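The values are calculated or read from the model by the stated rules, or taken from the named source; none is laboratory data. These numbers were taken from a predicted model, which means no experiment stands behind them. No Cβ is skipped: glycine too gets one built from the backbone with ideal geometry, and neighbour counts run over all protein chains shown.
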């Protein structure tokens, strides 16, 4: 039976992490965004130069001091990642007026600069598009030439790899086959633009909202974990916040290490997995993924699907999907500050119900 472990660690991500070198398979995180005002006070506590630069109207100096803090985290991430491991960083650029001058602060390019210097290979990035039709979204004087600014309706998901391709041993190759994704998911997820995910708040009981915690929607880490890791891998989030990455890891059959400096936030997020309703919500999300595949199947000519998945008994497009399996959660328990999740095969009655409903 598959079992995963999830640790919640109170720690400052700007300091070296007490994690064994080359012990993590994937990093998925969304750090504080430099030059976004909600993070000024927190980042300023680490380096007084930030506060001084902002007061003196030196925007680019403040920007650089903030990123030097983040650089420490990327250094730790590089150290703990295994060769061939990935780091997926969700970060937005910032616009701000400092000393009467409005400008863009390109957070994503500064992070890439730091990570390339560490030795990461930069892979094609994803634009997480979040368009809005609000008439107040435009910045500047509007209709007058030279007085308005292009709206920013996207964030970046940077994809980095430590060294060359991962090498899989025989046992890992089997787990990799079971961890495959559906053909239509591949086509959608491995696009450089994600336009179908809204910036929503945590839906599993966390009181803190996105404005306070900067939590990203569950779909973001769910996709990234499925794309860049496999069952049994270890996922690290050094800025865990409301614990969205941990929940996505539990749902995906991966272990996780979740770090945050906010003790109350960490306590609240670590309570979520063991809440009575959480297992049901996560399993419903898993069933929805299977249902979406079946909807795709039934919308196509059956001759389009050349293979049948062995464990689920459903049509699939490619041979690589034949051993794909989605493991529902059997139980979630807590012991010695570690969350443990156990998984099982689908009950025939449950699987039949999902299939027949489609």
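Values as computed for the structure displayed
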| quantity | calculated |
| --- | --- |
| Selection status of residue 10, touching a helix residue (DSSP H, G or I) at 6+ places or on another chain (Cβ under 7 Å) and surrounded by fewer than 17 Cβ atoms within 10 Å (Cβ to Cβ) | yes |
| Which numbered condition residue 87 misses (of (1) touching a strand residue (DSSP E or B) at 6+ places or on another chain (Cβ under 9 Å); (2) at pLDDT 95 or above; (3) over 28 Å from residue 249 (Cα atoms)) | (3) |
| Single condition residue 270 does not satisfy, out of (1) surrounded by 21 or more Cβ atoms within 10 Å (Cβ to Cβ); (2) in contact with a helix residue (DSSP H, G or I) (Cβ under 7 Å, 6 or more places away or on another chain) | (2) |
| Helices (runs of 4 or more DSSP H) within region 205-257 that include 2 or more residues modelled with pLDDT of 95 or more, more than 22 Å from residue 19 (Cβ to Cβ) and in contact with a helix residue (DSSP H, G or I) (Cβ under 9 Å, 6 or more places away or on another chain) | 219-228 |
| Among residues of region 79-91, those that are part of a helix (DSSP H, G or I) and either outside the structural domain of residue 237 (by TED's automatic domain parsing) or surrounded by 19 or more Cβ atoms within 10 Å (Cβ to Cβ) (or both), counted | 1 |
| Those residues of region 13-29 which are at pLDDT 95 or above and either out of contact with any helix residue (DSSP H, G or I) (no Cβ under 8 Å at 6 or more places or on another chain) or in a strand (DSSP E or B) (or both), in sequence order | 24, 25, 26, 27, 28, 29 |
| Only one of 62, 94 that is under 25 Å from residue 151 (Cβ atoms) and surrounded by fewer than 21 Cβ atoms within 10 Å (Cβ to Cβ) | 94 |
| Region 34-58 - residue that is in contact (Cβ under 8 Å) with a residue 40 or more places away in the chain and either touching a strand residue (DSSP E or B) at 6+ places or on another chain (Cβ under 6 Å) or in a helix (DSSP H, G or I) (or both) and, of those, surrounded by the most Cβ atoms within 10 Å (Cβ to Cβ) | 35 |
